[in-house]
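Coordinate-derived values only; no laboratory data. Just so you know, these numbers come straight off a predicted model, no measurement behind them. Here Cβ is always computed from backbone atoms with ideal geometry, including for glycine, and neighbour counts include all displayed protein chains.
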Ligand SMILES: [Zn+2]
């Protein structure tokens, strides 16, 4: 499916030096990978899948924890399809002996894989896990949901808070007036 998307959509892949070592999507809907990237490396391939997921997402979804969680989950499965191993398992990418000892195997990636895209609590958990797995990853700079949904969510919750506050004040007045 993702390979078909790359074939049929006119997505171009380019080699481009980047600050971080991974693949990235561009504003022109292309995928760039660093010139020294090894296309035999399953991590590079699953990174390309990751970016393909972003290109299939609506623009503001790409810039949200929701969009990242979807890409991380598919990316993890793609790596498993290619290697038969999950991230963090011995011999696999993200395997860190210290991390393994302290955290009971690849449980952070397992946790990521089990989070729901439709729960704000889960999206917050994803934000934390992503930064723990990949320190310096700026998941905390992204809105949880695509920005339109995020604004709608915040408006609704501030309206709800305002309504609750005025109900409280009405109750107080009522209590005050009641004998
Ligand atoms: Zn991403």
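One quarter of the surface of the convex hull around the alpha-carbon atoms of the range 47-95 equals 3.3 nm², the direction-averaged projected area.
At a 10 angstrom cut-off on C-beta neighbours, averaged per residue, how do the peptides 22-32, 154-164 rank from highest to lowest? Please report the intermediate quantities before stating the final value.
Values: 22-32: 16.2, 154-164: 10.2.
Sorting 22-32, 154-164 by mean packing, highest first, produces 22-32, 154-164.
The C-alpha radius of gyration of the range 56-179, expressed as a fraction of 2.2 N^0.38 Å, stands at 1.52.
Once you reduce the range 140-168 and the range 59-90 to the center of their Cα atoms, the two points are 28 Å from each other. By other beta-carbon atoms within 10 Å, ranking 51, 81 with the fewest at the front produces 81, 51.
A Förster radius of 22 Å combined with the Cβ-Cβ distance from residue 116 to residue 30 puts the calculated FRET efficiency at roughly 0.10. With both labels modelled 7 Å from their Cα along Cα-to-Cβ, the residue 166 to residue 178 distance reads 2.1 nm.
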